[in-house]
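Okay, so here's the structure we're looking at.
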Amino acid sequence: MKEQKQKNKKGILARYGLIVTVLMLFAFMVIFSAAKIAFTTEGKRWREVGEKETVIRDRVILPKRGNIYTCDGKLLASTEPLYSIYMDFWADGIEKDTLLKYVGPLSAALAGKFPDRSAAQYKGLIMNGWNMREKEERQIRDNEAKGIDRKVSLRSRYVKILRKDISYVDLKEIRTYPFWNKRSNKSGLIAEERNARKKPFGNLATRTVGSVYKDLEKGGASGLELKYDSLLKGVPGVKFRQKIHGKWIDVVEKPAKEGWDIVTTIDATIQDITERSLRDKLIETEAESGTAIIMEVKSGEIKGIVNLDRMGGGSYAEGNPNAFSYMNEPGSTFKTVSAMVALDDGVVTPIDSFYVGTGLFQYNKRWVRDHYWRRGRDRGYLTVEEGLAVSSNIVMSKMILKGYENNPAKFVEGIDRIGLRKQLAWDVPLSGIEGTSSIRFPDDKSNYWSKTTLPWMSFGYETQVPPIYMLMFYNGIANGGKMIKPFIAKQFIEDGKVIENIEAEVVNQKMCKETTLEQIHRMLRGVVDEGTARVVASDYFNIAGKTGTAQIASGGRYSDYYVSFCGYFPAEQPLYTIFVGLRKPKGVPSGGGMAGMVFKNIAEQTYLRKVKLTVNDCDVDSALIKNPVLKNGNWDFNLALLDVLKLPAGDLSEAAGWVKMKQNNKVYEPQPLALKGSLIPDVHGMGARDAVYLLEKSGLRVHLSGSGKVVSQSFPPGQRLVKGTTITIILR
């Protein structure tokens, strides 16, 4: 027994020794392999393979693009994340049985949220992705079995499920859907983030704000977005993705630096007023395009800027930067420049007169015509002040010829003295000569100076001045002779801190003598009070400005018109300067009746919303407090309205259903409107409803244009009526 035990003990020790020896050999092999991997090139190769499978390096972190704001803090442009939705059918934990169980409910949920595909189409798309993965698996196995070292393209790793990118709110919702509510390694859901540019106010000042490329990494494409792209875009960061426990995690190496925010001078309320006023007139006149700009006199800040071009279907949208790129001959708005130069040089005084006759004047075999020349009326002599008021081309040309015929360079030097030939950089990127003032000089070899250039320049031809320059010039008059450059970008902000405040650049500290400025100011008042812009006069404040009506040069001849109005208000203590221009309007062109009425609408609405009044301004006798104006029309309706408003109504002298309304001593006096069945009724002063009713009741067909009250009808009242005839009425 003792020997047997001893023998068993030796056998156990031998087996134990063998096991220990094997374990030691295995440990040695592990240590050897580890050392080999750690210190040889083979180790480097395996580390690269391992890192490739678990780490994705040097991925760019796109910075958030800076916001663009109005001066009152409203967002004009901002960046928000959007997500492209894919499925990875090679995800580690995705199982076919689970997918088949939930693909129906998932597809139904997607179709309910994103109805551009049906539930059946979503199901087909997802199952096609899974079938693609199985096909790729079979291909891999076949290659391995045949010993073919060929990489199989795994197209099922990124199958796009949703056509459109979605917001973060939508992303959170779809992550609650069946199957997609699992971890990403089991659901295969991939949400690829990208930044997108949004404009919360839609098309408000959209041409000025500008646009970015669809690929936001390319940056700004136009407007402020392009001009200040280097500040807005920020600095990209760097990250890598690491796979830990089957889940990819982003690790930031270098954080992205957000772009600067820009605060503009744009006032959202004034911008909206300006856009609506211009759009309404463009629709009424069917013009090709138009621009309107309003700036603060003292600061140079542009509060509203609108550029509208006619699109298909007669609609209007922001297109070209017309405020800067209209390189037209300005026409009669330039006459103020000529008058300022001549008055400042002592060539004339406001009361000097020139013979205009019937409105025709020939110079070097070329005719200068005033707008009334076809009437044949001899107007005799007009003073310089009267000539500007009625926009006489003859007065302007004779005035400039008197002072500069023998020395035309002196006239252009006077324009230089004002500052209109100075080359300026604007907040909106432009190309070529856009945004510059192209004014001829007698010895300019590239721009021929003809024998008739001087008189034609005097009333705004043979020269190109974009709207922004005319705005700047008239604002200089309103600003006491100090010309400042209009601007849009007001502040640059980084991380909530103001980095830079922008102030207007002074173009000319003093445009002209003080006496000249006073004379020009008085003459511009006369244009509105007694001249071509009488329709622009306001009941609330005085306006000073000048109309412009210029033919457009095209193909070596003149055709169509460009009408404009530029001025400031209130005339005594100017707060705002406005330029309005309409290109190729239909109808009789009128700087006052077309562009001037847009000016008036913008000015009055801006004044009533933005100007703060003192207690004295609100006195009951103030011009600001007025009883409403009643339109002509149905007496019963007007009487009912007066009763509701508790306003005094006079007695009707005779029974009548239709009346003309007059206001005497704050009492509304109705006057019977004579109607005869065989004659065309008088609908002047009526609203659209009453006018159309009365005309159609008479048997006429009605074509209506504009809004407000009737200002003209194509057949005069009292003319014999022919039933079925179409009559056109224009409302303003």
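We did not get these values from a lab; they are worked out from the coordinates using the rules stated. Keep in mind that what you see is a predicted model, and the values were worked out from it rather than measured. All Cβ positions, even for glycine, are placed from backbone atoms using ideal geometry, and neighbour counts span all protein chains on display.
Numbers at a glance
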quantity	calculated
Among (i) 154, 71, 57; (ii) 120, 57, 56; (iii) 116, 47, 45, the entry derived from the coordinates for Cα extents along the principal axes in Å	(i)
When segment 147-205 is reduced to its Cα atoms, the Kirkwood hydrodynamic radius in Å	14.9
Residues Asp88, Asp427, Asp149 arranged by fewest to most Cβ contacts within 10 Å	Asp149, Asp88, Asp427
Lysines with Cα under 27 Å of Lys410, excluding same-chain neighbours fewer than 8 positions away	Lys335, Lys365, Lys398, Lys402, Lys422, Lys445, Lys451, Lys482, Lys485, Lys510, Lys513, Lys546
Only Lys, Arg (+1) and Asp, Glu (-1) charged, at Cβ; the chain dipole about Cα centre in debye	3920
Stretchable slack from Arg609 to Ser118, in nm (0.36 nm times residue separation minus alpha-carbon distance)	171.7 nm
Overall form of segment 268-616 per C-alpha gyration tensor (a/c, 1.5; a/b vs b/c)	rounded
Sequence of Ser590, Ser392 once ranked by neighbouring C-beta atoms within 10 Å, starting from the fewest	Ser590, Ser392
Where Cα atoms sit under 20 Å apart: lysine pairs in segment 623-732 separated by 8 or more or lying on different chains	22
Fully extended contour minus Cα-Cα distance, from Glu518 to Arg150, at 0.36 nm per residue	123.7 nm
The chain - share of DSSP beta bridges that are antiparallel (%, nearest 5)	90
In degrees, nearest ten, helix 688-697 long axis to first principal axis of the chain (Cα)	70
Positive dipole terminus of the chain, leading residue within Ser315, Phe354, Val528 (C-beta point charges)	Ser315
Cross-link reach list, aspartates and glutamates versus Lys113, counting only Cα pairs under 15 Å and skipping chain neighbours closer than eight places	Asp165, Asp170, Glu173
Per-pair calculated FRET efficiency, R0 = 41 Å: Phe441 and Arg377 via Cβ, rounded to 0.05	0.60
Helical contribution to [θ] at 222 nm, DSSP H n ≥ 4, -39,500 (n - 2.57), averaged over the chain, rounded to 500	-10500 deg cm²/dmol
Restricting segment 149-232 to trypsin sites (Lys or Arg not before Pro) in coil, as DSSP defines it, with at most 16 other Cβ within 10 Å	Arg150, Lys151, Arg163, Lys164, Arg175, Arg183, Lys214
Folded to 0 to 90 degrees: helix 2-39 orientation relative to the chain principal axis, Cα	30
C-alpha long axis of helix 408-418 to longest principal axis of the chain, angle in °	60
Cleavage-rule hits, GluC sites (Glu not before Pro), segment 436-504, DSSP coil, Cβ neighbours within 10 Å at most 16	Glu503
Among Gly387, Ser289, Ser538 the positive-end extreme of the charge dipole of the chain (Cβ point charges)	Ser289
Part-to-part distance (alpha-carbon centres) for segment 340-359 and segment 195-224, which is given in Å	49
Loop trypsin sites (Lys or Arg not before Pro), segment 352-408 (other Cβ atoms within 10 Å of the site Cβ: 12 or fewer; DSSP)	Lys365, Arg377
Shape call, segment 300-406: gyration tensor on alpha carbons, a/c limit 1.5	prolate
